[in-house]
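Below is one structure, written out as structure tokens, with a few remarks after it.
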Amino acid sequence: MQPLTKAFSAMFSRKQEDSSDTRGMPHGSPIASGSQTANGIIRPAYVIERYAAYYPMNHKRRGMALIFSHNKYNVRNVSLPVREGSAIDCKRLKETLELFRFDVKVYPDFKLEEIKSVIGKVSSMDHSDSDCFLVAILTHGEDGGIVYAYDQPYELSLIWSFFTADNCPSLAGRPKIFVVQACRGNQLDHGVKVQKDGVARYSIPTHADFLFAYATIPGFMAFRNTTEGSWFINELCKELQENGHRYDINTLLTFVTQKVAYDHESVSNMPEYNMRKQTPCVVSMLTRLLLFNVV
């Protein structure tokens, strides 16, 4: 066993302790129509009023939700620990998304080529009768937008770039949500004590209508309880179940960030990694409010 793996195992060997998702630690109504692309011009599957406040959520289907859940790995020259608690995250997230009528597909421990195959097929589908689209990636990660498939690392852009308006016209103008439970570096947050006292035609940028919800900010670790699952996915599912029909997605994610930041603190038998904090990070290119309607 490599020193890096020994350190990781020693740090989080006890039950009920918090692990991390780093690869290792150093010490209006829509008008339905088939979307088209011709002469470089993207014709979305539907067009709503330019300044409409909300995305239409009254299509035939809510949309597809793909969950790439990784627990074990076989990466050449890289020793990645088993992601204890990942199955809990996957189950909880699947059940929550199904409550919102998502068509959920789970892909456990897929190799990179298998992931690319799935993404390629889905991006070529016609999503004209869907409200939105979601991808969740539960895995180990590193700084620089790197995450791990079963057999090798890859950049997150490999996934979301399939769904830009020019590559997937039927999702142009529709919200595309990406949830990433993975570390984004090896830094630790020590925390600070605070004292208690329609119809108009217009062009759509190819990168509009994306939402990225990361478990942590760039450069920092994301924690996962070995028996209860990750802090971020746990709070995300709770917030969706309790308030998913009351608030728009950005407001919900603000509350998720609040819960993760204030209510969680790591537990480890190694002082350097004990009592550490985490802050989720939301990057939004949404052009309207996204509110899941009551079914």
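The values are calculated or read from the model by the stated rules, or taken from the named source; none is laboratory data. Only a predicted model underlies this, so the values are computations on that prediction, with no experimental measurement involved. Cβ coordinates were reconstructed from backbone atoms using ideal geometry, including for glycine residues, and neighbour counts include every protein chain displayed. Side chains are part of the model used for accessible areas, which takes the heavy atoms of the whole protein and leaves out ligands, DNA and RNA. Shrake-Rupley method; radii C 1.70, N 1.55, O 1.52, S 1.80 Å.
Summary of values
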{"read-out": "Residues in segment 144-173 reached by a label modelled at residue 74 [backbone nitrogen below 12 Å; 7 Å Cα→Cβ]", "value": "150-152"}
{"read-out": "Inter-part distance where segment 58-115 and segment 154-184 are each reduced to a Cα centre, Å", "value": "15 Å"}
{"read-out": "Kirkwood Rh in Å, taken over all unlike Cα pairs in segment 244-286", "value": "12.1 Å"}
{"read-out": "Extension gain (nm, one decimal) between residue 282 and residue 227, 0.36 nm per residue minus Cα-Cα", "value": "17.2 nm"}
{"read-out": "Per residue, in Å², the accessible surface of segment 64-177 once ligands and nucleic acids are set aside, probe 1.4 Å", "value": "38 Å²"}
{"read-out": "Cut-off 19 Å, label 7 Å out along Cα→Cβ of residue 206, residues of segment 45-78 by amide N", "value": "45"}
{"read-out": "Estimated FRET transfer efficiency (residue 269, residue 51; beta-carbon r; R0 41 Å; 0.05)", "value": "0.15"}
{"read-out": "FRET E, pair residue 107, residue 242, Förster distance 25 Å, beta-carbon r, rounded to 0.05", "value": "0.35"}
{"read-out": "Shape parameters for segment 51-206, alpha-carbon atoms, Rg then Dmax in Å", "value": "18.0, 55"}
